[in-house]
Amino acid sequence: MEKYIINGGNKLYGGVKIQTAKNSVLPILAAAVLTDEKVRILNAPHITDVKNMVKILNCLGCKSVYEGDDIIIDSSSADCFEIPRALAHELRSSVFLLGPLTARFGKAKIAYPGGCDIGLRPVDLHLSGLKRLGVKIRENNGYIECECDKLVGNEIMLDCPSVGATENIMLAAVKAEGETVIKNAAREPEIEDLQKFLNCAGCKVRGAGSGTIVVEGVKKISGVTFQPMADRIEAGTFLIAAAMCGGEITALGASGENISSLLHKLRENGCKIYAKNDKIILKREGGLVSVKSIETQPYPGFPTDLQAQMTALCCICRGQSIVTENLFETRFKYAPELRKMGADITVVDRNAFVRGCEKFNGATIVACDLRGGAALVLAALAAEGKSEVLDISHIDRGYGMFEYKLRALGADIVRVAV
Ligand code: UD1
C-alpha cells in the first residue's frame, strides 16, 4: 500500500510528455493474439492495467516482454483459451480477449471481468454482437464460455455505442468469413487507432470514427510494429491540473482535436488555450469562472473519464455548476472525499450540484477508482496545506510516472509506503 503526500498551492509550469493511450494499447494487446507473428507496441505506458494485460497474454501461452518502453508480443506459442478468475478480476479489458481468442481457437472462457467499480458495466452488447457472428455463448458459474466452428460476418446494430463492444466485435470480425457491418458503433479516437493497427497488420477495416464500421474478414493477420495514439485522458488531466493550480503548461504529443469538448469548457472557465501540431498550451492567471453545466456523453461529447477531474475544478470556481454523468451509475464516489476538503457538492442520482468555494483545504482522502483518484490528487495540488491521498494503486492503473511528471511541473508531491 502506498500513498501520496502533497503540499498544495504550487503553480504548475513547463512541458509534460503525454503517455501512449491506455485505452488504445489495451485492445491492441488483445489483438496481438490474432497473429502468430511478432507485434511490437512502441512506447507503451508504465501503468498496471497494461502490465496486467501482458500477464494475461503470458498466461495464455504468449511470450510478451518489455524492451525499454516497447512491448513485444509473440503469440505463436499461445495454447490456452481460458482466463482465470483472479486475472480477469484485475482488469476489465480482459473481456477484449473474447473476440480474438474465439477467432483463433474457436473457443474462449473468461471469468466475468473486474476493473474500476463505477457502475454495473454489463457485457451484454459484447456477447450479443459475437452471437451475431455465429458464436455460441454459455454463462456458467461466473464464467463466459464462447464456442464456434467458424465466424461468419453479419450486420450488428448496437443498442448503445459501447467502446468495448465495438472493439471486441471488430477483433472477432477481422477473422470472420465475409463482411461484418457494425452500426451505432462507438466513435472514440481509440477505435480509429485500433482500425489503424488492424489495417497495418493486413486486416480490412473501414469507417472507424463514424457510426458504421465495415470489416471484411481476412485469412491471415501479420505481425506489425505500431505506435498507438497519445492518451487524451492523461492530457486532459494535466490541463485540468494547471487550470486548478494556475500557471502555464504544455501537453506535448497530445491532439487538441481529441479533447475539444474539454478545451471548450476550460476556455469558458477563463483559461487561455492554444492547441496546434500535437501540442496543447494552457495558461491560467486570473480566477476561475464556473461553467453552468457539464454532461458526459459518448465521443465527441464530454468524456466520462474526465468528469471527476472537471468536477474537482468546478468546486473551486466562482458560481454554481451541475455535472451530469450519463454513462456510469456510480461515478461520483469521490464526492464525499472532496467534501472533506471543503467542497460544497451534493450528489442526487446522476447529477452533482456544485457551489464553488474559494479553495480546497488539505485533508486525508481516499482514492476509490482511477479517475476519481486522479481528481483527488488535483484537488490536493490546488489546496491550501498538506493532504494525504490513500489507496493510490487505483491511480497507478492509468497514470504512469504521475508524481514524477507533476514534480517536473513544480508540484510538491511524494509517494510513500503506508
Ligand atoms: C471504455 C473505456 C473507459 C471509458 C468508457 C466510456 C477502455 C479500456 N475503457 O470502457 O475508460 O470510461 O469506454 O468512454 O477503453 N454497456 C452496456 N452493455 C455492454 C457494454 C456497455 O450496457 O455490453 C453500457 C455501459 O454500462 C455504459 C455504456 O454502455 O453505460 C458505455 O460503456 P462502454 O463504452 O462499453 O465502456 P467500456 O468499453 O467499458
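Miscellaneous remarks
- Whole-Hz Karplus values for region 181-198 come out as 10, 9, 9, 6, 5, 5, 10, 4, x, 5, 6, 5, 5, 5, 4, 4, 4, 4 Hz, taken residue by residue from phi with 6.51 cos²θ - 1.76 cosθ + 1.60 and θ = phi - 60°; glycine and proline positions read x.
- When only Cα pairs below 8 angstrom with a gap of at least 6 residues are kept, region 345-415 shows a relative contact order of 27 percent.
- Shown here for region 228-327: GluC sites (Glu not before Pro) in loop regions (DSSP other than H, G, I, E, B) with at most 14 other Cβ atoms within 10 Å, namely 285.
- Working from the Cα coordinates of region 160-293, the gyration tensor eigenvalues give, after taking √(5λ), semi-axes of 37, 16, 9 Å in decreasing order.
- Between residue 416 and residue 283, the simple spin-label model (points 7 angstrom out along Cα→Cβ) gives 3.8 nm.
- The share of alpha-carbon pairs in region 1-155 lying farther apart than 26 Å comes to 33%.
- Taking the centroid of alpha carbons for each part, region 7-81 and region 300-350 are 30 Å apart.
- If you bin all the Cα-Cα distances of region 318-376 at 10 Å, starting from zero, the percentages per bin are 23, 56, 21, 0.
- Long-range amide H partners of residue 227 with built H, under 5 Å: 42
- Residue among 289, 214, 348 with the largest mean-square fluctuation in a Gaussian network model of the chain, springs linking Cα atoms under 10 Å: 348
- Per-residue ³J(HN,Hα) for region 19-28, Karplus 6.51 cos²θ - 1.76 cosθ + 1.60, θ = phi - 60°, Hz, x for Gly and Pro: 6, 5, 5, 3, 6, 9, 5, 4, x, 5
- In Hz, Karplus ³J(HN,Hα) per residue of region 150-167 (6.51, -1.76, 1.60; θ = phi - 60°; x = Gly, Pro): 8, 8, 10, x, 7, 8, 10, 10, 7, 5, 9, x, 6, 4, x, 5, 4, 5
- Based on Cα contacts under 8 Å between residues 6+ apart, region 80-184 shows a relative contact order of 29 percent.
- Ordering of 185-193, 165-173 by packing is 165-173, 185-193, highest average first (other Cβ atoms within 10 Å, averaged per residue).
- Using the Cβ-Cβ distance between residue 276 and residue 339 with R0 set to 35 Å, the FRET efficiency from 1/(1 + (r/R0)^6) comes to roughly 0.35.
- The Cα-based radius of gyration of the chain, divided by its Kirkwood radius, gives an Rg/Rh of 0.98.
- Ranking of 112, 334, 274 by count of other Cβ atoms within 10 Å, fewest first: 274, 112, 334
- Across the chain, Cα pairs under 8 Å and at least six residues apart give a relative contact order of 21 percent.
- Residues whose amide H falls under 5 Å from that of residue 177, counting only those 5 or more places apart or on a different chain, are 151, 152, 153, with hydrogens built in the peptide plane.
- Hydrodynamic radius (Kirkwood) for region 216-292, which is based on Cα pairs only, to one decimal in Å: 13.9 Å
- Low-density loop positions, trypsin sites (Lys or Arg not before Pro), region 270-339 - DSSP coil, at most 14 other Cβ in 10 Å: 276, 292
- Of all DSSP bridge pairs formed entirely within the chain, close to 70 percent run antiparallel.
- Net dipole in debye of the chain [+1 Lys, Arg Cβ; -1 Asp, Glu Cβ; about Cα centre; nearest 20]: 460 debye
- Distance (nanometres) between label positions extended 7 Å along Cα→Cβ at residue 318 and residue 349: 3.3 nm
- Working ranking of peptides 135-145, 365-375, 398-408, 13-23 by packing, defined as the average number of other Cβ atoms within 10 Å per residue, highest first, is 365-375, 13-23, 398-408, 135-145.
- Simple spin-label estimate for residue 67 and residue 177 gives 3.8 nm between the two label positions (7 Å along the Cα-to-Cβ direction from each Cα).
- CD proxy at 222 nm, helix term only [per DSSP H run n ≥ 4: -39500 (n - 2.57); per residue of the chain; nearest 500]: -9000 deg cm²/dmol
- For residue 156, the residues whose amide H sits under 5 Å from its own are 181, 182, 183, ignoring neighbours fewer than 5 places away on the same chain, with H placed 1.01 Å from N.
Read-outs: derived from the displayed coordinates by stated rules, not from any lab. What you see is a predicted model, and the numbers here were worked out from it, not measured in a lab. Glycine also receives a Cβ, built like all others from the backbone with ideal geometry; neighbour counts cover every protein chain displayed.
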